[in-house]
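Every number in this text was worked out from the coordinates using simple rules, so none of it is lab data. Predicted, not measured: the structure shown is a model, and the values here were computed from it. Glycine gets a Cβ as well: all are built from the backbone with ideal geometry, and neighbour counts include every protein chain shown.
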Amino acid sequence: MQLVFWGTRGSLPMNTPNHRLFGGNTACIGVNAGGDMVVFDGGSGLIHLGSEMVERDRKEIDICFSHFHSDHICGLPFFKPLFDSSFTVRLHSFGTNDATLYDAISGYLSSPIFPIGLADFKAQIEFVEHGADDALSIGDLRVSACPIPHPGGAHALKAVSATNTQANEGKSFVYATDTEHNPAEINASLVAFMREVDMAVYDCTYDDAEFAAKQGWGHSTWQEGLRLAMAAQVKQFGIFHHEPERSDEMLLAIEAQAQEMMPHSFVTRDYMRIEL
C-alpha cells in the first residue's frame with residue numbers, strides 16, 4: 001500500500017513563508033494498492049492529484065468523504081477530471097450526516113457561494129451513499145467507516161489491502177479526522193477501529209494546553225492522537241489536520257515532542273509518499 005499526502009492542513013489552505021516545509025493544502029490522501037486507488041477527502045490537495053491523474057491518463061477515481069465541511073470539499077470545483085467527459089468520478093459517503101453528499105456538494109457549488117454548479121462538469125459523476133456498517137470494495141482495497149464526534153457528523157475511514165501472498169500480508173490505514181475527544185475517557189470505538197493498523201492519521205489541530213478553550217469546535221489534540229495510537233498499538237502514527245497558523249517551526253517542535261512519546265510518530269507533510 002502506498003499513501004500520498006496531497007493535503008495535510010486543517011480548516012483552510014495556507015501559503016506563507018512559514019508554511020513551506022509542511023505545506024498548506026487541506027485534507028486529501030490517496031491510498032494505492034495493487035493498481036487500485038481510493039482517495040480520502042477532497043480538500044485543496046485534490047487539485048494536484050487531479051493534475052497527476054490527467055498526466056497519467058487514469059480515467060476512474062473513487063473519493064470517500066469523512067464529512068462535508070468546506071475544507072474537505074473545496075478541491076472539487078478545481079479537479080481537472082471533472083471537466084473531461086472521458087472520466088468517471090465516484091463520490092462516496094458513509095452513515096448519517098446533517099445533509100446528503102449530493103445536497104452538500106450541490107449546495108456548495110451554487111450561487112452565491114460558487115459561480116459554477118454540478119451541471120458544468122462533463123465527467124460521469126456518481127453519488128454513492130453507504131450505511132455506517134457497509135464496506136466498499138475497490139479492486140484490491142476495502143474501505144469501511146466508524147462514526148466520530150464532530151459538528152454535523154463525521155466518520156473515520158479505514159482502507160485495507162487484500163493479502164497477496166503468504167509472505168506479503170495486506171496492509172491497513174486509518175484516516176480519523178475531524179473529531180473532538182472527551183477528556184474524561186478515550187474513544188473506545190475508535191481504538192477498536194484503529195487496532196494494530198499499519199498506519200493511522202488523526203485530527204491533531206490543537207495541543208492539550210489549548211484544548212479547554214476550544215471545546216465544542218469539533219477538533220482534538222496531537223497528544224490525544226498519540227494516546228489513541230498507543231492504546232490501539234498502531235504501528236505508525238501521523239499527526240494530521242494542522243491548525244492553519246501552525247508554522248513549520250511549531251510543527252517541528254511538536255514532532256520532536258511526539259517522537260519522545262512514540263518513536264514511530266511524525267508530522268505529516270504535503271506531497272509525502274509512504275510505502276506500507
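Values as computed for the structure displayed
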{"read-out": "Where only C-alpha atoms are counted, convex hull volume of segment 2-275 per residue in Å³", "value": "131"}
{"read-out": "Lys pairs, segment 2-275 - Cα-Cα below 29 angstrom, 8 or more residues apart or on other chains", "value": "10"}
{"read-out": "Residue order, fewest to most beta carbons within 10 Å, for R273, R9", "value": "R273, R9"}
{"read-out": "Relative contact order computed over the chain (Cα-Cα under 8 Å; 6+ residues apart), in percent", "value": "20"}
{"read-out": "Taking S51, S86, S172, S44 and counting other C-beta atoms within 10 Å, the order from fewest to most", "value": "S86, S51, S172, S44"}
{"read-out": "Most fluctuating residue given options F114, F79, F240, as computed from a GNM of the chain linking Cα atoms under 10 Å", "value": "F114"}
{"read-out": "Spacing of the two label points (7 Å from each Cα toward its C-beta) at T16 and A192, in nm", "value": "4.3"}
{"read-out": "DSSP-defined beta bridges in the chain - what % are antiparallel, rounded to 5", "value": "50"}
{"read-out": "Net charge dipole size for segment 2-275 [Lys, Arg +1 and Asp, Glu -1 on Cβ; Debye, nearest 20]", "value": "440"}
{"read-out": "Listed peptides 21-32, 53-64 by packing density, highest first (mean Cβ within 10 Å)", "value": "21-32, 53-64"}
{"read-out": "Residues in segment 194-210 reached by a label modelled at F266 [backbone nitrogen below 16 Å; 7 Å Cα→Cβ]", "value": "198-202"}
{"read-out": "Length released on extending from D133 to F83, taking residue separation times 0.36 nm less the Cα-Cα span", "value": "14.7 nm"}
{"read-out": "Helix runs (DSSP H) in the chain reaching 18 Å along axis by Cα, Kyte-Doolittle at least -1.0", "value": "248-261"}
